[in-house]
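Some notes on the structure that comes next.
FYI, it's all coordinate maths here, none of it is from the lab. Everything numeric in this text was worked out from a predicted model, so none of it was measured. Cβ placement follows ideal geometry from the backbone for every residue including glycine, while neighbour counts extend to all protein chains displayed.
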Amino acid sequence: MKDLARPNIHDLAVYKPGKPIEEVQRELGLGEVIKLASNENPLGPSPLALKALEAAVPEVYLYPDGSAYRLKQVLSNYYGGLDPDRILFANGSNELVQQLSLAFLEPGDEVVAPRPSFPRYEPLARMMNARTVDVPLVDYRVDLSAMRRAVTERTKLVYICNPNNPTGTIVTKAELNTFLDGLHENCLVVLDEAYFEYVDDPSYPDGLDYLLQGERRVVVLRTFSKCFGLAGLRIGYALADPEIIAFLERVREPFNVNTLAQVAAEAALQDQEHKQRVVELNRREREFLCGEFERLGIEYIKSEANFILFNAGRDEKEVFQGMLRRGVIIRGGFGYRTWLRVTIGTRDQNEKFIEALQSVLTEG
């Protein structure tokens, strides 16, 4: 059967998500397990979204609106009257990256991306026989100067995850402006802003501003999975020049965003109070965890997202397994031998995480 598959996918790694709670309970025989591995919103979705979901369930025998017309209008208003032709919805950010690859990459094209970062940029480029140029982070930050030097005439896509996952660091508006200056016209700069709602730093560049200023090379990716708490429904969106959106529409799967995801997202956008509670909780608990890391003498990276990368000082696989045995799921595997990522949870979850981490780090 190996000969049936395209050669360029033979050595593609299968994406491994964070361990589900039920799997850990089943494998280790644990009762209570907390998951702080996948940057999910610990407060969950808006009550308005849950109510909208309940009302929409009887309609699931019908195909969804393939164009997501109502949701486009709501998101357009959310962004102050943004042209709906600049909006495209998808089954999460991963599908948007896949659509970008399908629409714009040919064999021999190049994709420039930081490493480590969101792990789907590289395999989805390779599926199109494009070449990925990985640019290492410097001091845990995306190095836009090095990425700019890596751009050639063959470069079609540049991915900038901002804040970057897994480090939580940002590139600034000044750095992004310098990067864009003089960049050739046939190169799309994809700003992956999955965590932008959590950012406090005033130097952060809002990707939408570039589109509104007429920058046609910028594509902005955003999601309802994080701050809006709809990860289980899989819905994200791209903001871009109408011509770019039109090409992405050509490769979009029919009915790619289900009915429940659309109605929940529409309701979530209308509940700004819930969104503010989520952001405020994250800000407060991020400060708490940083304080605990400092108290314990644990090195960490200042984050602008809803997760923190920290240095356990021991093999990350051993720490990961030790935390699992104590009923706490976190995430490693980013190429840093002793560093792991923890999602910021509620105070109760964060205290349990700290207690478990202390126990792991003090065991034999």
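Observations on the model:
- Proxy reagent accessibility, fewest Cβ within 10 Å first, across TYR159, TYR204, TYR15, TYR78: TYR15, TYR78, TYR204, TYR159
- In loop segments of the range 283-364 as defined by DSSP, there are no chymotrypsin sites (Phe, Trp or Tyr not before Pro) with at most 10 further C-beta atoms inside 10 Å of their C-beta.
- Normalised contact order of the chain, rounded percent, pairs of Cα under 8 Å and 6 or more residues apart: 24 percent
- Cα-centre dipole for the chain with unit charges at Cβ (Lys and Arg positive, Asp and Glu negative), debye to 20: 620 debye
- Cβ crowding within 10 Å ranks TYR63, TYR140, TYR121 as TYR63, TYR140, TYR121, fewest other Cβ atoms first.
- Unit charges at the beta carbon, dipole of the chain: most positive-side option, ALA55, PRO202, PRO114: PRO114
- Calculated on the alpha-carbon coordinates, the convex hull of the range 154-271 measures out at 133 cubic angstrom per residue.
- Each Lys or Arg adds one and each Asp or Glu takes one away; over the other residues whose Cβ falls under 9 Å from the Cβ of PRO205, this sums to -2.
- Along the range 170-182 the Karplus relation, 6.51 cos²θ - 1.76 cosθ + 1.60 evaluated at θ = phi - 60°, assigns HN-Hα couplings of 10, 9, 8, 4, 4, 5, 5, 4, 5, 4, 6, 4, x Hz to successive residues, with x for each Gly and Pro.
- Across the chain, the longest piece that holds none of the trypsin sites (Lys or Arg not before Pro) lying in DSSP loops with up to 16 other C-beta atoms within 10 Å covers 1-153.
- Computed from backbone phi, the HN-Hα couplings of the range 267-276 come to 5, 4, 5, 8, 10, 6, 5, 5, 4, 5 Hz, rounded to whole numbers (Karplus: 6.51 cos²θ - 1.76 cosθ + 1.60, θ = phi - 60°; Gly and Pro given as x).
- Couplings 3J(HN,Hα) for the range 352-361, derived from phi with the Karplus relation 6.51 cos²θ - 1.76 cosθ + 1.60 (θ = phi - 60°), are 5, 4, 4, 4, 5, 5, 4, 5, 4, 6 Hz, where x marks Gly and Pro.
- Summed residue charge, Cβ within 9 Å of PRO136's Cβ, Lys/Arg positive, Asp/Glu negative: -1
- Which listed pairs, of LYS35/LYS302; LYS173/LYS302; LYS275/LYS302; LYS16/LYS51, have C-alpha distances above 27 Å, in listed order: LYS16/LYS51
- Listed by Cβ neighbour count within 10 Å, with the fewest neighbours leading, ASP201, ASP134, ASP3, ASP11 appear as ASP3, ASP11, ASP201, ASP134.
- By the rule of a C-alpha distance below 17 Å, with chain neighbours fewer than 8 residues away ignored, the aspartates and glutamates paired with LYS19 are GLU27, GLU32, GLU40, GLU316, GLU318.
- Its Cα gyration tensor gives the range 47-269 an equivalent ellipsoid. The semi-axes, each the square root of 5 times an eigenvalue, are 30, 19, 16 Å from largest down.
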